[in-house]
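Q: Handing you this structure, nothing more for now.
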Amino acid sequence: MALQRIHHVAYRCKDALETVKWYEKYMGMTYQLAFAENQVPSTKEPDPYMHVFLDCGGGNVLAFFELPTKPDMGRDENTPAWVQHIAFEVETMDELLAAKAKLEADGIEVIGPTDHALFESIYFFDPNGHRMELSVNTPIDGVMERLDELKWPMLEEWAKTKRAPQHAAWMHDGSLKK
């Protein structure tokens, strides 16, 4: 089997119309299509839903389900809010900073830019409570090759110790960009 790409990623939303408008306004996505059913096609469960699809660019699709008969949305309280997120790439730092300014101008709290050595990111929440990340690549010659060499040793050490391996501490200790 050879996977071609992710067909779509689906999340739950509180209000499909609000969600579509928010993603169009703040993320520049195009509303593609919607499905609405009173019965789940795969399980045949009687459960009305609205399923909306948004174009993220590059053949990527983000979808949402509004489920009016289900209990209010929640999140896994055992997982920190910063862990589960959707990350999108923008082309330039100017675009990243413009997105931050637009979000903040409308009262949306934004963290960052945060320097991750290979990219910089901002973080914020959509109206459904999903954490979002916008990133711009800031490549440094040779770094990806170094990280590629370290990926297995780091993962294997982590599997044994459950402590952060220091193989690539140089990425965040300030020495990388000197």
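Derivation of every value follows stated rules applied to the coordinates shown; laboratory data play no part. For clarity, every value in this text was computed on a predicted model and none was experimentally measured. A quick note on method: Cβ atoms are made from the backbone with ideal geometry, for glycine too, and the neighbour counts reach across all protein chains shown.
Q: Give the calculated FRET efficiency between Leu17 and Val40 to the nearest 0.05, with a Förster radius of 22 Å applied to their Cβ-Cβ distance.
A: 0.55
Q: With both partners inside the chain, how many of the DSSP beta bridges are antiparallel, as a percent to the nearest 5? If you can, show how the numbers build up before the last one.
A: Numbers: 25 of 36 bridges.
Given both bridge residues lie in the chain, the antiparallel proportion sits at roughly 70 percent.
Q: In whole percent, what relative contact order does the range 1-69 give with Cα contacts below 8 Å and a gap of six or more residues?
A: Dividing the mean separation by the residue count of the range 1-69 yields 38 percent.
Q: So for the chain, averaging the separation of alpha carbon pairs under 8 Å that are six or more residues apart and normalising by length, what relative contact order in percent results?
A: Rounded, it is 17 percent for the chain.
Q: Also, quick follow-up: Which aspartates and glutamates have a Cα lying under 18 Å from the Cα of Lys44, excluding residues fewer than 8 positions away in the same chain?
A: Partners found: Glu66.
Q: By the scheme Lys and Arg +1, Asp and Glu -1, what is the net charge of all other residues having a beta-carbon under 11 Å from that of Glu37?
A: Net local charge, Glu37 excluded: -1.
Q: By counting other Cβ atoms within 10 Å of each Cβ, how are Lys44, Lys25 ranked from fewest to most?
A: Going from sparsest to densest Cβ surroundings: Lys44, Lys25.
Q: Given that just one value was derived from the coordinates, which of (1) 311; (2) 118; (3) 186 is volume of the Cα convex hull per residue in Å³?
A: Answer by label: (3).
Q: With a cut-off of at most 16 other beta carbons within 10 Å, and DSSP calling the residue loop, which trypsin sites (Lys or Arg not before Pro) in the range 72-131 qualify? Please list them.
A: Arg75
Q: Give the relative contact order (percent, whole number) for the range 35-94; include only Cα pairs under 8 Å separated by 6+ residues.
A: Contact order relative to length: 21 percent.
Q: Also, quick follow-up: Can you tell me the orientation of helix 16-27 relative to the chain, as the angle in degrees between its alpha-carbon axis and the longest Cα principal axis, to the nearest 10?
A: Tilt of helix 16-27: around 30 degrees.
Q: Estimate the FRET efficiency between Asp76 and Met154 by the formula 1/(1 + (r/R0)^6), using the beta-carbon distance for r and 35 Å for R0, to the nearest 0.05.
A: That gives a FRET efficiency of 0.85.
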